[in-house]
Amino acid sequence: MSAPVADAAEAPAAGKPATSGGWRARVVTPQLPWRVVFIVVLALGLLAPFVLDPAFRLPLFTKYLCYAIVGVGIALAWGHGGMLTLGQGLFVGLGGYSMGMYLKLHEAGPGNVPDFMSWSGVEKLPAFWEPFRNPVVAIIGVIVLPIIVATVLGLLVFRQRVRGAYFAILTQALTAAFVILLIGQQGYTGGTNGLTNFGSFFGINLFEANGQRKLYFVTAGVLLVIFLLLRLVVASRFGRLLLAIRDGEDRVRFLGYDPTVIKTIAFAISAVTASVGGALIVPVVGIINPGMLDIVPSIELVIAVAVGGRYSLAGAVIGAVVVNWARTNFSEDYPSGWTYFQGALFIGVIAFLPRGIAGIVPQVRDGVPVLLKRLGITLPTRSGPPGGPPAAPPPGGAPVLIPGQGTPEAKEAV
């Protein structure tokens, strides 16, 4: 029963030519304006480390890109899958602490414990810390740990058909529990202070201007790769099924698909992107602590995605960069007013720009004809003969009459 539906979903829409080009056409939108935008953004990204101050502005912009990595995962889960994830701080923390543990052990040296453990009276390295002396284990932990947690959570929750606000509250509760656990284990996690004082990142000196530029290129490259991969996911058959589940989960279930598996995979992908973003935040900011993973930062990430456009991966990137840039500059002049401005911004976007910044052009394009129609204004239309080929004569040689073109004799076609 599901095979004809899949074939129909993959067939081109009526009246639209089928597109070709393979994976390249899926990664980069084939329309020329978007290709131009993509090239311009790429060029600006290459120039940014040579224009921005490497001591302050460049690390800030690199941090915004880390948030953008988290944002594209939220856009996949929320915008394309309908799963409002208000607890991405859990997965940011899994990736951040996995990378932070390796960096602390690398700086401590063989046989030594990190400095905060010495201050807390811990003289022997805990067993669960020992594997993170190996950088390969740390990278695997950044990828595997969020997949395991998200898969287990997804299978337990989505199988019970928990969705909407209930799922959002559940993710919030898990994030709060994770933060409480980190704070309570002072000797093993650094407690409220977290893990700090990182001097290098895989051979990159974080105190040098050239090191900050290298870290920027690493972060921008990871963001570009993740963005292109998620575009492939969205344009694939899996992406179309995810959209169908968002718009009508019960109908997809009746057609023979299992929404639990599809939603769990999408949720796991979103968790991995958040974990990778958290792992890169550690060397960029130089710290990872429970305050960065709490409920409020997680909600702020969702607000940024909503402002940029949750239905668009590019909109999520734009929202993460713009909102965090606005917070930095607005807080410099009005430190106590940013929270109110952020709330008003979120309400304004939900009320007047439901598609976010990325949806301004389509919203204006669709709304202007409706507005003109309500005002009684009729736009002039192009007149003239139809551009299609003339009608073919029916079998038997019967004449075909074309109205308005000469005499009846001239209207006959052989």
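The values are calculated or read from the model by the stated rules, or taken from the named source; none is laboratory data. What you see is a predicted model, and the numbers here were worked out from it, not measured in a lab. When we count neighbours, we look across all protein chains shown, and the Cβ atoms used for this are built from the backbone with ideal geometry, even at glycine.
Quick notes on this one:
- Residues (out of contact with any Phe, Trp or Tyr (no Cβ under 8 Å at 6 or more places or on another chain), in a helix (DSSP H, G or I) and among the aliphatic types (A, V, I, L, M)) located in the stretch 246-265: Val252, Val261
- Going through (1) in a helix (DSSP H, G or I); (2) touching a helix residue (DSSP H, G or I) at 6+ places or on another chain (Cβ under 8 Å) one by one, Arg310 falls short only on (1).
- Applying the criterion of at least 3 residues that are surrounded by 13 or more Cβ atoms within 10 Å (Cβ to Cβ), modelled with pLDDT of 90 or more and not acidic (Asp, Glu) to the helices (runs of 4 or more DSSP H) found wholly in the stretch 1-101 leaves 57-74.
- When the stretch 156-182 is filtered for residues that are polar (S, T, N, Q) and in contact (Cβ under 8 Å) with a residue 60 or more places away in the chain, the ones remaining, listed by number, are Thr171, Gln172, Thr175.
- Subset of the stretch 227-245 [assigned to a helix (DSSP H, G or I) and either of a type in the set (Gly, Ala, Ser) or in contact with a His (Cβ under 7 Å, 6 or more places away or on another chain) (or both)]: Val234, Ala235, Gly239, Leu242, Leu243, Ala244
- Checked against (1) buried (at least 16 other Cβ atoms within 10 Å of the Cβ); (2) over 26 Å from Pro59 (Cα atoms), Gly111 passes all but a single condition, namely (1).
- Test set (1) surrounded by 18 or more Cβ atoms within 10 Å (Cβ to Cβ); (2) of a type outside the set (A, V, I, L, M, F, W, C); (3) at pLDDT 95 or above - Thr171 fails condition number: (3)
- Residues in the stretch 121-157 that are outside any loop (DSSP other than H, G, I, E, B) and among the small types (Gly, Ala, Ser) were compared, and the one that is surrounded by the most Cβ atoms within 10 Å (Cβ to Cβ) is Ala150.
- Some residue of the stretch 197-210 being buried (at least 18 other Cβ atoms within 10 Å of the Cβ) and more than 30 Å from Trp129 (Cα to Cα): no
- The stretch 106-127: number of residues that are over 17 Å from Thr196 (Cβ atoms) and small (Gly, Ala, Ser): 4
- Count of the stretch 354-374 residues, restricted to those that are under 12 Å from Gly309 (Cβ atoms) and either assigned to a helix (DSSP H, G or I) or free of Cβ contacts under 8 Å to residues at least 40 places away in the same chain (or both), is 8.
- Residues satisfying the stated conditions in the stretch 183-217, i.e. closer than 28 Å to Glu123 by Cα and either assigned to a helix (DSSP H, G or I) or acidic (Asp, Glu) (or both): Ile183, Gly184, Gln186, Gly187, Tyr188, Thr189
- Condition met for Ser336 (more than 13 Å from the chain's Cα centre (by Cα), more than 13 Å from Gly79 (Cβ to Cβ) and not in a helix (DSSP H, G or I)): yes
- Apart from one condition, Ser118 fits all of (1) buried (at least 24 other Cβ atoms within 10 Å of the Cβ); (2) part of a helix (DSSP H, G or I); (3) hydroxyl-bearing (Ser, Thr, Tyr); the exception is (1).
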